[in-house]
1. Any idea how far apart residue 253 and residue 288 come out in nm if each label point goes 7 Å out from Cα toward Cβ?
2. Ignoring ligands and nucleic acids, what accessible area does residue 289 show with a 1.4 Å probe (Å², nearest 10)?
3. Hey, can you find the accessible area per residue of the stretch 237-277 for me, probe 1.4 Å, expressed in square angstrom?
4. Starting from the Cα of residue 165, step 7 Å toward the Cβ, then list every residue of the stretch 109-140 with an amide N under 16 Å from that point.
5. Calculate the spin-label point distance for residue 305 paired with residue 341, positioning each point 7 Å from the Cα along the beta-carbon direction, and give it in nanometres.
6. Mind giving me the nanometre distance, one decimal, between the label points for residue 64 and residue 231, set 7 Å out from Cα along Cα→Cβ?
7. Determine the gain in length on full extension of the stretch residue 132-residue 205; use 0.36 nm per residue of separation and subtract their C-alpha separation, reporting nm with one decimal.
8. Let me cross-check residue 236: its accessible surface, 1.4 Å probe, with only protein heavy atoms counted, in Å² to the nearest 10?
Amino acid sequence: MLTTRVGVIAGLLVLALGAWDVDAQAQTRVKFALDWQIQGPQAPFITAKATGAFTAQGLDVTIDRGTGSQKTIEQVATGTYDMGYGDINSMIEYNVKNPQQPLIAVGIVLNSPPFALLSLKRYGIQQPKDLKGASIGAPAGDAPRRLWPIFAKNVGVPPDSVTWTNMAPPLREPALVKGDVKAISGFYFTGYLNLTENLKIPESDVVAFKYSDYGVDLYGNAVVVRVDWLKANEDTVRRFLAALTSGFKAALKDPKAAIAHVKAAEPLSNEATELKRLQLAIGANMVNDEVRRNGLLAIDPARMQRAIEQVVVAFELAAKPTVAQVFTGAYLPSAADRKVD
């Protein structure tokens with residue numbers, strides 16, 4: 001009798017392990033790269049993974065931190081990653097300069113880019129025209145730095161009237177506080193909180209010029225894939241975006257819970273700071289009237305056309321891609337499923 005029971009138990013274990021193996025094999029693996037380190041604004045992706053949304057869609061998604069949108073775009077283009085999260089404007093430039101391996105955006109997360117210039121009142125910079133003659137710190141490939149000509153034209157400042165100082169991203173805010181430069185460019189929710197939270201600069205001393213407030217009506221970060229990979233993996237992309245929609249809506253509904261997932265993924269992060277960073281991103285970049293009207297992850301074609309034209313001029317590109325070459329919404333969940341609650 002004992003032998004029989006042992007045999008039955010062993011058989012059940014084999015069946016269970018076999019079923020687990022089939023389930024494991026059924027999970028489609030996806031290598032995904034973020035634009036930057038794991039922080040509050042990356043919460044939609046982290047939440048989708050932590051809550052099992054990707055798994056529920058049959059996906060085994062690996063999410064790696066990034067080192068900048070430009071690098072992420074290159075990594076997706078070369079096949080190091082299947083999919084990535086990066087600045088759509090940098091993607092447009094990459095495609096024009098590398099037509100042999102184009103990428104396409106399949107979902108917009110930052111409907112309005114967080115591009116900004118930040119300074120301190122102590123330097124006498126209180127409005128954009130005060131930037132004339134200033135030294136501005138930024139990495140060479142920084143998107144708002146490269147889009148400076150559009151901003152400068154819109155505010156009436158000669159584009160060549162400032163001096164750009166190259167520096168690594170972590171050195172920007174310290175250099176501004178020390179007075180090595182009089183302004184910096186970057187993402188608003190990053191620079192502002194690095195100054196006020198990490199370097200303890202009073203909020204009243206920080207001056208920020210958001211590009212979106214001065215006629216630079218571009219889109220921001222998006223989920224990007226290589227066109228040929230997309231054609232071979234359409235269902236995978238469709239399932240990825242369904243899971244991301246779930247994670248995105250959960251992060252918007254309960255930012256504190258989303259930041260708990262961020263903390264679990266990046267133990268060194270400060271929950272209070274990242275909650276503020278996420279809330280800034282939600283209010284200024286993720287949710288606006290267009291998103292409420294069209295749903296998460298989508299675009300307005302007419303606005304995208306205008307954005308492409310601005311990017312072509314700013315980057316002095318040799319060709320102007322069509323909206324269809326830049327973005328496709330064919331793999332998004334229904335508008336009803338993407339509606340902001």
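The values are calculated or read from the model by the stated rules, or taken from the named source; none is laboratory data. Just so you know, these numbers come straight off a predicted model, no measurement behind them. Every residue, glycine as well, gets a Cβ built from its backbone with ideal geometry; the counts of neighbours run over all protein chains shown. For the accessible areas, the whole protein counts, side chains as well, though only heavy atoms, and no ligand, DNA or RNA atoms are used. Shrake-Rupley method; radii C 1.70, N 1.55, O 1.52, S 1.80 Å.
1. Result: 2.6 nm between the two label points.
2. Residue 289 has an accessible surface of roughly 110 Å² with all protein chains in place.
3. Details: 1850 Å² over 41 residues.
Normalised by residue count, the accessible surface of the stretch 237-277 is 45 Å².
4. 118-125, 131-140
5. The two pseudo-label positions are separated by 3.7 nm.
6. So the label points at residue 64 and residue 231 sit 2.6 nm apart.
7. Numbers: separation 73, 0.36 × 73 = 26.28 nm, distance 1.95 nm.
Once the chain is fully extended between residue 132 and residue 205, it gains 24.3 nm.
8. For residue 236, solvent-accessible area is about 10 Å².
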